[in-house]
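FYI, it's all coordinate maths here, none of it is from the lab. Since the structure is predicted, the reported quantities are computational estimates derived from the model, not experimental observations. A quick note on method: Cβ atoms are made from the backbone with ideal geometry, for glycine too, and the neighbour counts reach across all protein chains shown.
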Amino acid sequence: MTPQAARAAVIAGAGYWLPPPVLTNEELGHRVGATAEWLHSRTGIIERHVTPPGMATADLAVEAGRKALMSAGTRRVDAVIVATATPNRICPATAPEVATRLDQAQIAAFDVGAACSGFLYSLAIAQGLIAIGQAGKVLVIGAETLTSILDPQDRATSAIFADGAGAMVLRAGTADELGAIGPVILGSDGTGGDLIAVAAGGSRQPSATTPGSGPGSRFLSVSGPEVFRQAVKHMAAVTHQALTAAGWQLGDVDRVFAHQANAHILTAVTRKLGVPPYRMATNLRHIGNTSAASIPILLAQDAAHGLIKPGDRALLTAFGAGLTWAATTLTWPPLPHHTPVPGGEHPCPHRPPSCAG
């Protein structure tokens, strides 16, 4: 065993948590003046989970993190990384609170802000911490309360974005083990920074009352057609780069876990890659777009319902605000402590056991 082989990052546990309130298209349609059918046709979504008043991103992250720790059969990690575009506050980061509430005090804890690519960015960072011996175990969480930054009257964003959290525990292991994370390919393009953005709240435009601002500047805005074009282009390209780095062919992949942006983007990425639709994992119909949380929720759900099995080769790919994109490969491991349905609740009560649309 070489020193390098001994420092691979290996999946030891996975979990997710969704806030109980569910907002259906019928309910949303009454609010935004659209039919349920219209909303579904534009997004591929029929319902989504939303946080109730008083619940914040850290609350979701703690629940998902707890599930992942239970799945891994461990009580202690060396670092906690929270990928989120919706932190509890601008300052401080959300991760230290999450770590403390999970009884992981006094360890490294920090946020990663790469929007929908944030979980894969965080996997790369965790991989690095393990590779250099800085950590033996890392808890990586993607958590979002996107409904907190949406204009409730905007049918486009309100129909797509939702809340939730997914998590993984990574441990030091060897590159030939099941669950070892492959090379993580990362990319960005700041010239597209305005395509998916919240204008107000940062140092450039501190509030919606800053001169030149308007009330809508505190809400998320999305330039739909251009985001579609960029998402398909970059997810397809970074997918091929990750496959090349891993020494895989597309035909070697058993299941693709793409960021659950919307149905039209997923369909276009599937076609551009030439992947059979049955190999594309999806929970979009009942979960919506949960940004940094979407891939870990999808992975944990598929594992819980036996849709991905030990030895299956998986490809993970994402695109998000920034612009950012990322992809990696892995072979799914056995998770002996994994419970079939996290928290005893089924995330998709209308379509068990799969959330596929």
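Under 5 Å between amide hydrogens, which residues at least 5 positions from L323 or on another chain qualify, with H placed 1.01 Å from N in the peptide plane?
Amide H neighbours of L323: D189, G190, T191, G192, G193.
Among A36, A109, A165, which one moves the most in a GNM of the chain with springs linking Cα atoms closer than 10 Å?
Highest fluctuation among the options: A36.
Relative to the first principal axis of the alpha-carbon coordinates of the chain, what is the inclination of helix 224-246, with its axis defined by its Cα atoms, in degrees from 0 to 90 and to the nearest 10?
0
For S223 and R279, what is the calculated FRET efficiency with R₀ set at 30 Å and r taken between the beta-carbons, to the nearest 0.05?
Details: r = 30 Å, r/R0 = 1.00.
After rounding, the FRET efficiency stands at 0.50.
Suppose each label sits 7 Å from its Cα in the direction of the beta carbon; what would the T244-H30 distance come out to in nanometres?
Calculated label separation equals 5.3 nm.
Bin by bin, in steps of 10 Å, what percent of the Cα pairs in the stretch 50-93 do you find, going until the bin that has the longest distance?
22, 49, 26, 2
Counting each DSSP H run of 4 or more residues in the chain as -39500 (n - 2.57), what helix-only mean residue ellipticity at 222 nm follows after dividing by all residues, to the nearest 500 deg cm²/dmol? Provide the component values of the computation, followed by the final result.
On the way: 10 runs with 108 residues, N = 357.
Calculated from helices alone, the mean residue ellipticity at 222 nm is -9000 deg cm²/dmol.
Run a plain Debye calculation on the stretch 175-278 (Cα atoms as equal point scatterers, no solvent) and give log10 I(q)/I(0) at q = 0.10, 0.19, 0.25 Å⁻¹, rounded to two decimals, same order as the q list.
Computed log10 I(q)/I(0) values: -0.43, -1.00, -1.37.
In sequence order, what are the phi-derived ³J(HN,Hα) couplings for the stretch 275-289 according to the Karplus relation 6.51 cos²θ - 1.76 cosθ + 1.60 with θ = phi - 60°, rounded to whole Hz, with x for glycine and proline?
Whole-Hz 3J(HN,Hα) from phi for the stretch 275-289: 8, x, x, 5, 8, 8, 5, 7, 10, 4, 4, 10, 10, x, 8.
Have a look at I297, H49, A180 and report the one farthest towards the positive end of the charge dipole of the chain, computed about the Cα centre with Cβ charges (Lys/Arg +1, Asp/Glu -1).
Projecting each Cα onto the dipole axis, the largest value belongs to A180.
Quick one: give the max-minus-min coordinate of the C-alpha atoms of the stretch 5-173 along each principal axis, largest first, in Å.
55, 30, 26
Each residue of the stretch 36-48 in turn: what ³J(HN,Hα) in whole Hz from Karplus with 6.51, -1.76, 1.60 and θ = phi - 60°, glycine and Pro shown as x?
Those phi angles translate into 4, 5, 4, 4, 5, 5, 7, 10, x, 10, 10, 7, 8 Hz.
For L220, what is the net charge nearby, where nearby means another residue's Cβ is under 10 Å from its Cβ and Lys, Arg count +1, Asp, Glu -1?
-1
What order, most packed first, do the peptides 304-316, 15-27 have when packing is the mean number of other Cβ atoms within 10 Å of each residue? Don't skip to the answer; put the middle values down first.
On the way: 304-316: 17.8, 15-27: 19.9.
Sorting 304-316, 15-27 by mean packing, highest first, produces 15-27, 304-316.
Using the alpha-carbon atoms, what tilt in degrees (0 to 90, nearest 10) does helix 118-131 show relative to the longest principal axis of the chain?
20
Can you give the convex hull volume of the alpha carbon atoms of the stretch 185-344 per residue, in Å³?
Working: hull volume 22.8 nm³, N = 160.
In the stretch 185-344, the Cα convex hull volume per residue is 142 Å³.
Any chance you could give the angle, 0 to 90 degrees and rounded to 10, that helix 294-304 forms with the longest Cα principal axis of the chain?
50
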